[in-house]
Amino acid sequence: MAVSGVIMLLYLVAHVIGNLKIFFGPGEFNHYAHWLRTVGEPFMHYEWTLWLVRVVLVVAVVAHAVSAYQLSRRDIRARPTGYVHKKPRASYATRTMRWGGIILGLFIVWHILDLTTGTVHPGGFQPGHPYQNVVDTFSTWYGNVIYLVAMLALGLHVRHGFWSAAQTLGAGSRSRDRLLKTVANLLALVLTAGFIAVPVGVMTGLVS
Amino acid sequence: MKLTLRVWRQQNADADGAMSTYEVDGVSPDMSFLEMLDTLNEELILTGEDPVAFDHDCREGICGACSLVINGDAHGPERTTTCQLHMRSFEDGDTIDVEPWRAAAFPVVKDLVVDRSAFDRIIQAGGYVTAPTGAAPEAHATPVPKPDADFAFEHAECIGCGACVAACPNGAAMLFTSAKVNHLNVLPQGAPERASRVLDMVAQMDEEGFGGCTLAGECATACPKGIPLFSITKMNREFLRAARKGR
Amino acid sequence: MTYSDFATGEPVADTTAPAGPIAERWDTRRFEAKLVNPANRRKHTVIVVGTGLAGGSAGATLAEQGYHVVQFCYQDSPRRAHSIAAQGGINAAKNYRNDGDSVHRLFYDTVKGGDFRARESNVHRLAQVSVEIIDQCVAQGVPFAREYGGLLDTRSFGGVQVSRTFYARGQTGQQLLLGAYQALSRQIAAGNVEMHPRTEMLDLIVVDGRARGIVARDLITGKISSYFADAVVLASGGYGNVFYLSTNAMNSNATAVWRAHRRGAYFANPCFTQIHPTCIPRTGDHQSKLTLMSESLRNDGRIWVPKAKGDTRPANEIPEDERDYYLERIYPSFGNLVPRDIASRAAKNVCDEGRGVGPGGQGVYLDFADAIARMGRKAVEAKYGNLFEMYQRITDEDPYRVPMRIYPAVHYTMGGLWVDYDLQTTVPGLFAIGEANFSDHGANRLGASALMQGLADGYFVLPSTINDYLARNPHQKTVTADHPVVTEVLAETEDRLNLLLAVDGDRTPDSFHREIGELMWEYCGMARTDEGLRKALDRIPQIREEFWQRIKVPGTGEQFNQSLEKANRIVDYLELAELMCLDALHRRESCGGHFREESQTPDGEAARRDEEFSYAAAWEFTGTGAAPTLHKEDLVFEYVHPTQRSYA
């Protein structure tokens, strides 16, 4: 859970940096997208690196989901009879992690069908022209809504997920706890803000 | 004070249980929660009803026998054991829900009494130092740095009440297990069995059917002895270290 | 013949302690004791009742030696035995402080502290073994308090002038017990100990004059079963709960020792009970138990009451010169650190004078203002933080700002089953260890000595001496459940429980327990008189009779039934209380915790009468309500010569 989460988190950091290139115009953004396919050349063949990353990510997502499923099943089995007196729990963690994770899972599917394969893309999907594709997506209301909801879920997920992964990997301690919590909050904030900047840019006309 | 109690009643492990409602009058704010239940039981006995069964013994917050979930909180609203919870924490006219610890690994014995022998088995799996009587070296032969001794003590304070499991949304026993692992693993006396201890105890914990940890933190909030949440992190570190070394 | 017209039988004597210089007796005994071949040990079964410091350590050690141990506790886990609640510390003659301590001084202090009513050989052994206990516990990972250099810290305790008490904050008992529990757990996992939690011993099985097993009830299913062994060890603790309100755990009880007494084990010095001076005063009739505040608080707290009677001003408004720091005044050299019996009686005296504080005038102040001024709040917090917290939780008062209120409460029972040097009772094969026996504390126990004795008995003494019994008394026949003695004991036990259930009267078990407890506190508590004790002796049989007519126990015997457990324990309290009063009545002297108002010095101190009472009183049971037979064990003091105890 922690290891796969950290892999995805590292990817997300790269992803958000790449995304922000959209504010420098279609040229730079499309060039960046093209570069993603040629990374590692001439050692790697065209798109090999990209596919390698994709494979690692798929493995991470699947591992993350499978362990989440196993953990949830185990947790439910561990308390077959619940409490009569239900309490609004102070910790949002377990619930938001579970539902947030499912939301994120669904989002990833939509996101790939939308902007990678173009299967559910609203406009005419043009491979090799990601700038226009992004603008098309965020020109629809539902595109924006799905994205915004998912990014908020991402923020919450990362906030508990990063800190929690650190604990699972044994990296936390009393003295380091504040630092870890701050980093978790910052990461969550930066990722959410960074990702949301793109649809906001489209909506405000900054990106068109 | 006059109170309405809703108490989980269950004849035995196999019977179905349900909440029953009782009125208790003449409750003094100086009473402990258990003394309030004593009052109820005295009345129940005289009216020919079965008194409410609950575990309790030392009534000074150290034996770990008492184990009630009060209004959804393990040991009730204050950070202490049920026996040290006093009625001044409640208001006249309150309705109070009283339930047993809930976990598959803690089956109900009767009413509010549960079977916590799973904890004993976790300790049996490795929560000790192999030091047969008579084999001990002179106590001052191995100085222990004060911070390590204090750290060990802080974890050794666990009273094994099970509030951590009761409070955990997943019914996990990580805090209990980590408290003992950390107590012994930090001491030079516990070092030779450091790796096998954590691996065996965690394996036993899993076998008992406790839930998995999602670091929700409810355990540390409920712990009457203030075992900190980072105790779990420390155990994870011990676990990874042991797993890497393959014992 | 009435109960108080008891007969005096043959004297009883310890025949197992070797002669010779006292410092060599234990070595000699261990050498002379026969051993059981290690390969044969697993063929021997030993029953251990109780899992406190004594029982837990004994069970673990016997199992390590190779015996098959079958162990019982009424709690849901062996870790919850009431030793866990001991706060202050454990004594050991390590002399780490270089303050003049030695085995001999610990021996001397304990004999003197016990007001010369303990057996010298046993006490000396205790002092010798104390040193090994600390080593053993440290090896187990008990997190004792340490100094910055990494070495063990010690503090001083009541009744002594050296610093020999090892501690783990205010939870020493907990830490030592968990050490023993963990050692026991290791043996349970190894299959050497068969542990029966939530199982209560209800009777002893004696076949051909030897203890061969017990009858016990599974508290969950209610099933009553017999268990057999080659020897039975009782480590079931004290009987302070006779008083209803005490610092004992709610379920601590006297049934194991009392049933053993009924089966032939002599009960020694039952009236020697310890009233602990620093407990939180009671708040009302609802009170179910009393909470101790560790005696270690007397190291830094100062005890006082107002000089004037009926002074109702809040403590902070009473000026310094209107306060009476009475312990410092009466006992200048020991001050607030006088032994427990003396501190308790002094508190009672000032309260009787009308100078007590708090509700009902049943309390004295334990003031930390000076300590906080001297050491700073932080240091006080580090030393006593958990105790202060506990006090505040119970009383809703902040001891950092207002002085604590304390009052004496029943805490420990020095009396118990009579045992010889080998810790064997008068029933061959029946051993008693820890608080369950009478051996080491005489008429008053010093602070931090109970943990020492429990662990000494369990880790070191019993495992050495029980070998001798098992080696010398090989059993030819195994006892089985169809043995006529066994079926009879089983039937008696079942009948008793059925009778309790059948009465269906109109009074709860607790109401009887409270009644007998109040009677005992009134007449057999901190101060006893001939008249009062006779009153109690008249009243107890009446309560007993009323009990069997009016007790109401709901439910059945075949279920988890806490009312039945309670009622059955009260049956035994109602007999034990009578013996305690008789013992107190017959001992027409004051000594240690036993204060007879008729026997005091001109300045109100306890006056011993050695010429008449320098003996341990071992009582033989002859029937419920029938006068018991007294057997005296003469106490010979070769090394510590009895003097009037002086702490002034």
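Using helices alone, I'd like the mean residue ellipticity at 222 nm for chain B: each DSSP H run of four-plus residues gives -39500 (n - 2.57), total over residue count, nearest 500.
Numbers: 8 runs with 85 residues, N = 247.
Result for chain B: -10500 deg cm²/dmol, rounded to the nearest 500.
Could you list the chymotrypsin sites (Phe, Trp or Tyr not before Pro) in the stretch C:113-191 that lie in coil according to DSSP, counting only those with at most 13 other Cβ atoms within 10 Å of their Cβ? Write down the numbers at each step before the final one.
Numbers: sites: C:PHE116, C:PHE144, C:TYR148, C:PHE157, C:PHE166, C:TYR167, C:TYR181; in loops: C:PHE116, C:PHE144, C:TYR148, C:PHE157, C:TYR167.
Here the chymotrypsin sites (Phe, Trp or Tyr not before Pro) that fit, given the DSSP loop and packing criteria, are C:TYR148.
Using the structure shown, select from C:LYS348/C:LYS535; C:LYS309/C:LYS348; C:LYS307/C:LYS348 the pairs with a Cα to Cα distance greater than 19 angstrom.
Values: C:LYS348/C:LYS535 21 Å; C:LYS309/C:LYS348 14 Å; C:LYS307/C:LYS348 15 Å.
Flagged as over cut-off: C:LYS348/C:LYS535.
Would you mind telling me the antiparallel percentage of the DSSP bridges in chain B, rounded to 5? Intermediate values should be presented prior to the final figure.
Numbers: 15 of 20 bridges.
Antiparallel bridges: around 75 percent, rounded to the nearest 5.
Of the beta bridges DSSP finds with both residues in the protein assembly as shown, what % are antiparallel, to the nearest 5?
Values: 60 of 86 bridges.
Among the beta bridges of the protein assembly as shown, antiparallel pairing accounts for roughly 70 percent.
Sequence neighbours fewer than 8 away in the same chain don't count; with that in mind, list the lysines whose C-alpha is under 17 Å from B:LYS180.
Partners within reach: B:LYS225, B:LYS234.
What's the local net charge at C:PHE272, with K and R +1, D and E -1, over the other residues with C-beta under 11 Å away?
Values: positive: C:ARG117, C:ARG445, C:ARG587; negative: C:ASP115, C:ASP341, C:ASP583.
It works out to a net charge of 0.
Starting from the Cα gyration tensor of the stretch C:11-95, take the square roots of the eigenvalues, sort them a ≥ b ≥ c, and report rounded, prolate or oblate (rounded when a/c is under 1.5, otherwise prolate if a/b is larger than b/c, else oblate).
Oblate, since a/c reaches 1.5 and b/c is not below a/b.
Rank A:VAL207, A:ALA166, A:ALA193 by how far each Cα sits towards the positive end of the charge dipole of chain A (+1 on Lys, Arg Cβ; -1 on Asp, Glu Cβ) and give me just the farthest.
Positive-end residue among those listed: A:ALA166.
So what J values fall out for the stretch C:290-297 if you push phi through Karplus, 6.51 cos²θ - 1.76 cosθ + 1.60 with θ = phi - 60°, rounded to Hz, Gly and Pro as x?
So the Karplus estimates, Gly and Pro as x, are 10, 10, 7, 10, 3, 4, 4, 4 Hz.
Which value, in debye to the nearest 20, describes the size of the charge dipole of the protein assembly as shown about its Cα centre when Lys and Arg Cβ atoms bear +1, Asp and Glu Cβ atoms bear -1, and nothing else is charged? Don't skip to the end; give the middle numbers.
Numbers: 109 positive and 126 negative charges, 796 e Å.
Using only the charged Cβ atoms, the result is roughly 3820 debye.
Take peptide C:178-190, look around each residue's Cβ out to 10 angstrom, count Cβ atoms belonging to other protein chains, and average those counts. Walk me through the numbers before you get to the answer.
Numbers: counts 10, 4, 1, 5, 11, 6, 4, 9, 10, 3, 4, 10, 1.
Counting other chains' Cβ atoms within 10 Å and averaging over C:178-190 gives 6.
Under a straight-distance cross-link criterion of Cα-Cα below 18 Å, which lysines are reachable from C:LYS552, leaving out those fewer than 8 residues away in the same chain?
C:LYS566
Please sort by residue number the trypsin sites (Lys or Arg not before Pro) in the stretch C:398-502 whose DSSP state is loop and whose Cβ has at most 15 other Cβ atoms within 10 Å.
Values: sites: C:ARG401, C:ARG405, C:ARG445, C:ARG472, C:LYS477, C:ARG496; in loops: C:ARG401, C:ARG445, C:LYS477.
Hits after loop and neighbour filter: C:ARG401, C:LYS477.
What does the charge count near A:GLY101 come to, summing +1 for each Lys or Arg and -1 for each Asp or Glu among other residues with Cβ under 15 Å from its Cβ? Intermediate results must be reported in sequence, preceding the final value.
On the way: positive: A:ARG73, A:ARG95, A:ARG98, A:ARG159; negative: A:ASP75.
Value of the local net charge: +3.
Using only atoms on other chains, find how many Cβ atoms lie within 10 Å of each Cβ of peptide B:23-36 and report the average. Please list the in-between numbers first.
Working: counts 0, 0, 0, 1, 1, 5, 2, 9, 5, 8, 0, 3, 6, 1.
Other-chain Cβ atoms within 10 Å of each residue's Cβ, averaged: 3.
At a Cα cut-off below 20 Å, give the lysines reachable from C:LYS34, other chains included and same-chain residues fewer than 8 away excluded.
In chain and number order, the partners are C:LYS43.
With the cut-off at 1.5 for a/c, could you classify the stretch C:388-512 from its C-alpha gyration tensor as rounded, prolate or oblate? Walk me through the numbers before you get to the answer.
Details: a/c = 3.33, a/b = 1.36, b/c = 2.45.
Since a/c reaches 1.5 but b/c is at least a/b, the shape of the stretch C:388-512 is classed as oblate.
Of all DSSP beta bridges located in chain C, what percent are antiparallel, nearest 5? Intermediate values should be presented prior to the final figure.
Details: 45 of 66 bridges.
For chain C, the DSSP antiparallel bridge percentage is about 70.
Could you size up the charge dipole of the stretch B:116-245 around its Cα centre, putting +1 on the beta carbon of Lys and Arg and -1 on that of Asp and Glu, and report it in debye to the nearest 20?
Working: 12 positive and 13 negative charges, 56 e Å.
Charge dipole, the stretch B:116-245, about its Cα centre: 280 debye, nearest 20.
I'd like the mean, over residues of C:555-562, of how many other protein chain beta carbons sit within 10 Å of each residue's own Cβ.
On the way: counts 6, 0, 0, 0, 5, 8, 4, 10.
Other-chain Cβ atoms within 10 Å of each residue's Cβ, averaged: 4.
Please compute the net charge surrounding C:GLU32, taking Lys and Arg as +1 and Asp and Glu as -1 over other residues with Cβ under 15 Å from its Cβ.
On the way: positive: C:ARG25, C:ARG29, C:ARG30, C:LYS34, C:ARG125, C:ARG472; negative: C:ASP14, C:GLU24, C:ASP27, C:ASP420, C:ASP422, C:ASP468.
Neighbour charge sum, excluding C:GLU32 itself: 0.
Only the coordinates and a few stated rules stand behind these numbers; no lab work does. Because the structure is predicted, anything quoted here is derived from the model rather than measured. Positions of Cβ are generated from backbone atoms using ideal geometry, with glycine treated the same way; all protein chains shown enter the neighbour counts.
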